[in-house]
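Here's the structure, in C-alpha cells; my notes come after.
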Amino acid sequence: MAAELVIKNLHVQVEGKEILKGINLTVDKGEIHAVMGPNGSGKSTLANTLAGNPKYVVTDGEILYHGENIAAWKPDERARKGIFLAFQYPMAIPGVTVANFLRTALNARRKETGSNGDAKAISIPEFRKLMTQKMELLKLDNTFATRYLNDGFSGGEKKRVEILQMAVLNPELAVLDETDSGLDIDALRIVSEGVNALAGPNVGIVLITHYQRILNYIKPHFVHVMVSGKLALSGGAELALQLEEKGYDWLKEPEAVGK
Ligand SMILES: Nc1ncnc2c1ncn2[C@@H]1O[C@H](COP(=O)(O)OP(=O)(O)O)[C@@H](O)[C@H]1O
Ligand SMILES: [Mg+2]
C-alpha cells in the first residue's frame, strides 16, 4: 500500500520568492514526525502547502497522499479527505460557533468518506455526545461549544480548540504547526495529552515545533530539521535533544551564520 504522505523534491514559492527548496519526506500511518528548525526556515510554508493554501505555489516536485498527487485538490477537498492542519495562528470567525463549525466540517468529511457507513450527517444528540467527550479530553468547559470560533480566546484556548478540531474530525494526516507556542506548562500538558490520545495506528502526524519542549510529552519516531527551506538533517528522537543543546546555527550554511 502507498504511504500516507510522500513529498518528493518539493519546491514552493510565496509571492514569487522560493521558500522550500527541495523537500523530501515520507510519513506513514502510525508515525509521528517532528519537523524542527529556526524561525523563517519554511516550516509553516510546508504546513500551508500541505493544506493547499493558494498563496503557496508548488513550482517543482510533488505531494502524494495515498499515492495520489494532490496538486489540484482545493483546501476543502484535502480536509474532507482527511488532511488536517492545526494553524500556528488560528483565525477568529465571529458569527460561527465552535459547535456549528465542527458539525459542518465533520458532516462534510463523513459525506466524502461515504463507504464506511458514516455517510449520513451526524444526529444532533450524537454530535453533542462526541463534542462533550472530546472537550473533556482537552479540558475545555461546555461554554466553548456556543462561543464564536477563536473570538476572544486566549492563545492556549485557541491551541486547545485546534486539537479539539482534530479530535472531532479524526484525520488520517495531521499537521500541527507550533501547537506548543505560547502555551504555559499546564496547557502544554493538556494539548500534548490530547495529541497522544489521538495518535495511533490510523494517523500520521507531522509535529512542527521550534522548541524541543513539547517532545518531552509527545514522542516522535523521527525528527527532521528544516534549514533554509531544506531538511538539513533527519534522525530519531535523540536528535531533538542534541538540537536543544547545540541550537540550530551549526546546521546553517556558512554564509548564513552570523547574519
Ligand atoms: N504568506 C507569506 N507572505 C510572504 N512571505 C511569506 C509568507 N509565508 C512565509 N513567508 C516567508 O517565507 C519564509 C519562511 O517562513 P515560514 O514558513 O513562516 O517559516 P517558519 O514557520 O519556519 O518560521 C519567511 O522568510 C517568510 O517571510
Ligand atoms: Mg512557523
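Each value in this text was obtained by applying a stated rule to the coordinates, not by laboratory testing. In this text, all values refer to a predicted model and were calculated from it rather than measured experimentally. Virtual Cβ from ideal backbone geometry, glycine too; neighbours counted across all protein chains shown.
Some observations on this one:
- Residue pairs, from the table LYS159/LYS219; LYS219/LYS246; LYS158/LYS230; LYS111/LYS219, whose Cα atoms sit over 22 Å apart: LYS158/LYS230; LYS111/LYS219
- A straight line joining the Cα centroids of segment 199-235 and segment 1-56 runs 12 Å.
- Ranked from largest, the principal axis spans of the Cα set of segment 133-224 equal 38, 27, 17 Å.
- Inter-label distance for ARG147 and GLU77, nm, one decimal - labels placed 7 Å from Cα along Cα-to-Cβ: 3.6 nm
- Neighbour-count order for LEU137, LEU149, fewest beta carbons within 10 angstrom listed first: LEU137, LEU149
- Among the trypsin sites (Lys or Arg not before Pro) in segment 22-109, those located in a DSSP loop and surrounded by at most 11 other Cβ atoms within 10 Å of their own Cβ are LYS55.
- Here HIS221 and LYS246 are evaluated by their C-beta separation; at R0 = 25 Å the FRET efficiency comes out at 0.70.
- Contact order, relative form, for the chain: 27 percent (alpha carbon pairs under 8 Å, 6 or more residues apart, mean separation divided by residue count).
- Directionally averaged projected area (convex hull, Cα atoms, the chain), nm²: 14.2 nm²
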